[in-house]
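Working notes for the structure below.
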Amino acid sequence: MRTSEYDRLDKPVNQGSLWPLLTSRAMLHLLSPGGGRARLSILIYHRVLPCQDPLFPEESHAQSFDQQMEQLAACFKVISFEEAIRGLRNETLPPRAACITFDDGYADNAEIALPILKKHSIPATFFVAAGFLDGGRMFNDTVIELIRRAPGSTVDLDSLGLGRFSVGTIPERRQAIHQLLGRLKYLPSESRQSTVEAMSALIPVMLPDNLMMTSEQVRVMHNAGMEIGGHTASHPILARMENSAACADIATGKEMLENIVRAPVRFFAYPNGKPGRDYLPDHVRMIKKLGFEAAVSTAHGAARKDSDLHQLPRFTPWDQRPMRFALLMARNMLKTGEAV
Ligand SMILES: [Zn+2]
């Protein structure tokens, strides 16, 4: 398809926001004119909550996500990940190409994000950590929900060597979560799991078991035309484990998803995703060997024709103001994204 044909497919914008959007589009067009000089912006999301969470007000929710999708569709040509990879390979990307990805497999992706994506006719890719489907909970969510729901104004985790935390106010709870996640994130999986279980035993609250998608929701997404991608089974930090265990976890996740959607799982997202810290060159080789056609990291930047298809950068600006959103996207386009 030629550039001009893509331009004709641009979404109309409403009159009130016409000028900033036309300016934004022109600026983005200069930076990413399509074809061999195209820059592909890949957006990364995790959760889309039903409404704003007082503990994490910056997290996307139905209203903010709806606005972002409207802005995105007005400024960018949002294409599927498959089309984006083909365009990068063949140097046939449209001007201002973007795609949207979600990591981890939260149930709100199916319940809240999917109807909004459908409303804007936007395709997306969902990288699902398959081991948590059907009632599982990732360690970070266990920590968040324990601290969110902890009764009283202090949480005493001294017996676990984690210290005491004031949780009398929302900022204190937020701070406690931030500190605990920082301490636990890079522990070996087993000791992280046992520490989180010990925390659950100390803090007397009921934890939710419906945070992640069910297998049926994954099937519904796939049947709605969304791409389902691999994100391992247990969401380990690959760089912190033996290669044989890392390879098995990646392969198990892929197989589990393929059994659910009855189709090949072709794309992959590295858990946590920082090149050189969370994954290493060995893991890039592994995912190629396992048959993944492309993969994404969490390095910032936009992809170009010479980017490594198995380490594509991602970025998401959180600003709701249209011009600021476009400027942040433009600035990100100037970065290529580091790789290992
Ligand atoms: Zn993840």
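Throughout, read-outs are computed from the coordinates displayed, never taken from laboratory work. Treat the numbers as computed from the prediction; the structure is a model and nothing was measured. Every residue, glycine among them, receives a Cβ derived from its backbone with ideal geometry; neighbour counts consider all protein chains shown.
A compact table of results
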{"quantity": "Backbone HN-Hα couplings from phi across the range 205-212 [Karplus 6.51/-1.76/1.60, Hz, Gly and Pro as x]", "calculated": "9, 7, 9, x, 10, 10, 6, 9"}
{"quantity": "Helix axis angle, 81-90 relative to the chain longest principal axis, alpha carbon, degrees", "calculated": "50 degrees"}
{"quantity": "Under 5 Å, built H, 5+ apart or other chain: amide partners of Leu157", "calculated": "Gly163, Arg164, Phe165"}
{"quantity": "Fully extended contour minus Cα-Cα distance, from Arg285 to Glu111, at 0.36 nm per residue", "calculated": "59.1 nm"}
{"quantity": "Table column - 3J(HN,Hα) (Hz), the range 245-256, Karplus curve with 6.51, -1.76, 1.60, x for Gly and Pro", "calculated": "5, 4, 4, 5, 5, 5, 5, 4, x, 4, 5, 4"}
{"quantity": "Distance-filtered residues of the range 162-187 - backbone nitrogen under 17 Å, label point 7 angstrom along His46 Cα→Cβ", "calculated": "173-187"}
{"quantity": "The range 111-183 and the range 37-57: distance between their alpha carbon centers, rounded to Å", "calculated": "16 Å"}
{"quantity": "Zone residues, the range 267-310, relative to Glu338, backbone N less than 12 Å from point 7 Å out along Cα-to-Cβ", "calculated": "274-279, 298-300"}
{"quantity": "On Cα atoms only, tilt of 170-184 relative to the major axis of the chain in degrees", "calculated": "90 degrees"}
{"quantity": "Phi-based couplings in Hz for the range 54-64 (Karplus 6.51, -1.76, 1.60; Gly and Pro marked x)", "calculated": "x, 6, 10, x, 7, 5, 4, 9, 3, 5, 5"}
{"quantity": "Amide proton proximity set for Tyr270, modelled H, under 5 Å, gap of 5+", "calculated": "Val296"}
{"quantity": "Cα-centre dipole for the chain with unit charges at Cβ (Lys and Arg positive, Asp and Glu negative), debye to 20", "calculated": "1140 debye"}
{"quantity": "Contact order relative to length of the range 139-202, as percent, for alpha carbon pairs under 8 angstrom and 6 or more apart", "calculated": "35 percent"}
{"quantity": "For the range 139-202, the Rg and Dmax computed from alpha carbons only, in angstrom", "calculated": "10.8, 32"}
{"quantity": "For the range 257-298: relative contact order, % (alpha-carbon pairs under 8 angstrom, 6 or more apart)", "calculated": "51 percent"}
